[in-house]
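**Q** Quick one: this structure, given as structure tokens, is what I'll be asking you about.
The values are calculated or read from the model by the stated rules, or taken from the named source; none is laboratory data. Predicted, not measured: the structure shown is a model, and the values here were computed from it. Every residue, glycine as well, gets a Cβ built from its backbone with ideal geometry; the counts of neighbours run over all protein chains shown.
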Amino acid sequence: MSKELLREVAFRRFKEKLFAHTLEPGQFLSQRELSEMLDVPLAPMREAVQRLASAGLVRIIAQRGVQILEPSPQMLNEAFELRIILECAAIKTIPLSSISEQLRENEELVLRLQSILVEPLGFERIKEVLSVDWMLHKQLIQAMGNETIESVYNINADKIRLARLRQHFRAEQLYQALDEHMKVIKALLDQDKDTAAAYMELHLKNALTRGLGISNLYRGNNLHEFPAKSHPST
């Protein structure tokens, strides 16, 4: 395998370990430790570390090695500000007919997950909800057909995923996030781009406040409350 391919393998494996909670924000590792952990030679590992640093996931510290970044409130604010700009632009520019089938699939997934969200939440259930959450957002960006925008979006998304490693999720929060998604989906299916963009901005602002660990500042009165009774699991 070429050095370039090994660098890509190292980059991908690092992110897999990180987002699977094998690595943690704030953790220090030497580049040799990373090389052994990810089963790639040291030279391409060093190149991958440079790319990870450029992506805002690690910090290279002389004499100590690599530290996985601890996301700051400023970083999270900036990341969500960029998401609002990109995703609202996507809603207003893409032909909605091109993603109508995907939207209906998302609608079914959201309804199913809302019906089975109960405490205590296991890791796999949280992972499933977050996967569905990202799905709609990524589909909107991909529908723009702009590789540069998609690349910038993916780098930014990794920073948010890094922050979520420290986030504690409750069923009520996830139910509300899914409810916000449903508002966006229904507006998109109705071909109402302005309303969909407004709901998307509301959703992302709420996601930011949830990520910062504070109560929602932008909730409004148009979102459903989490049901008082637990849903039966299936």
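**Q** What do you reckon, is Glu101 free of Cβ contacts under 8 Å to residues at least 24 places away in the same chain, over 17 Å from Arg161 (Cα atoms) and in a helix (DSSP H, G or I)? Full working, then the answer.
**A** Numbers: free of Cβ contacts under 8 Å to residues at least 24 places away in the same chain: yes; over 17 Å from Arg161 (Cα atoms): yes; in a helix (DSSP H, G or I): yes.
Spelling it out, Glu101 is indeed free of Cβ contacts under 8 Å to residues at least 24 places away in the same chain, over 17 Å from Arg161 (Cα atoms) and in a helix (DSSP H, G or I).
**Q** Test each condition in (1) touching a residue at least 40 places away in the same chain (Cβ under 8 Å); (2) more than 18 Å from the chain's Cα centre (by Cα) for Leu34 and report the one that comes out false.
**A** Result: Leu34 fails condition (1) only.
Here's the yes/no breakdown for (1) more than 26 Å from Gly26 (Cα to Cα); (2) at pLDDT 95 or above; (3) touching a Pro at 6+ places or on another chain (Cβ under 7 Å); (4) not assigned by TED's automatic domain parsing to the domain that holds Arg32:
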position: Gln63; (1), (2), (3), (4): no, no, no, no
position: Ala79; (1), (2), (3), (4): no, yes, no, yes
position: Arg83; (1), (2), (3), (4): no, yes, no, yes
position: Ile94; (1), (2), (3), (4): yes, yes, no, yes
position: Ile126; (1), (2), (3), (4): no, no, no, yes
position: Leu130; (1), (2), (3), (4): no, no, no, yes
position: Ile141; (1), (2), (3), (4): yes, yes, no, yes
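**Q** List, please: which pairs have Cβ atoms under 8 Å, are six or more places apart or on different chains, and start with a residue in region 145-166 that is in a helix (DSSP H, G or I) and end with one that is polar (S, T, N, Q)?
**A** That search, which allows pairs on different chains as well, returns Glu150/Gln142.
**Q** Which condition does Arg125 not pass, out of (1) assigned to a loop (DSSP other than H, G, I, E, B); (2) surrounded by 16 or more Cβ atoms within 10 Å (Cβ to Cβ); (3) among the charged types (D, E, K, R), if it passes all the others?
**A** Among (1) assigned to a loop (DSSP other than H, G, I, E, B); (2) surrounded by 16 or more Cβ atoms within 10 Å (Cβ to Cβ); (3) among the charged types (D, E, K, R), the lone unmet condition for Arg125 is (1).
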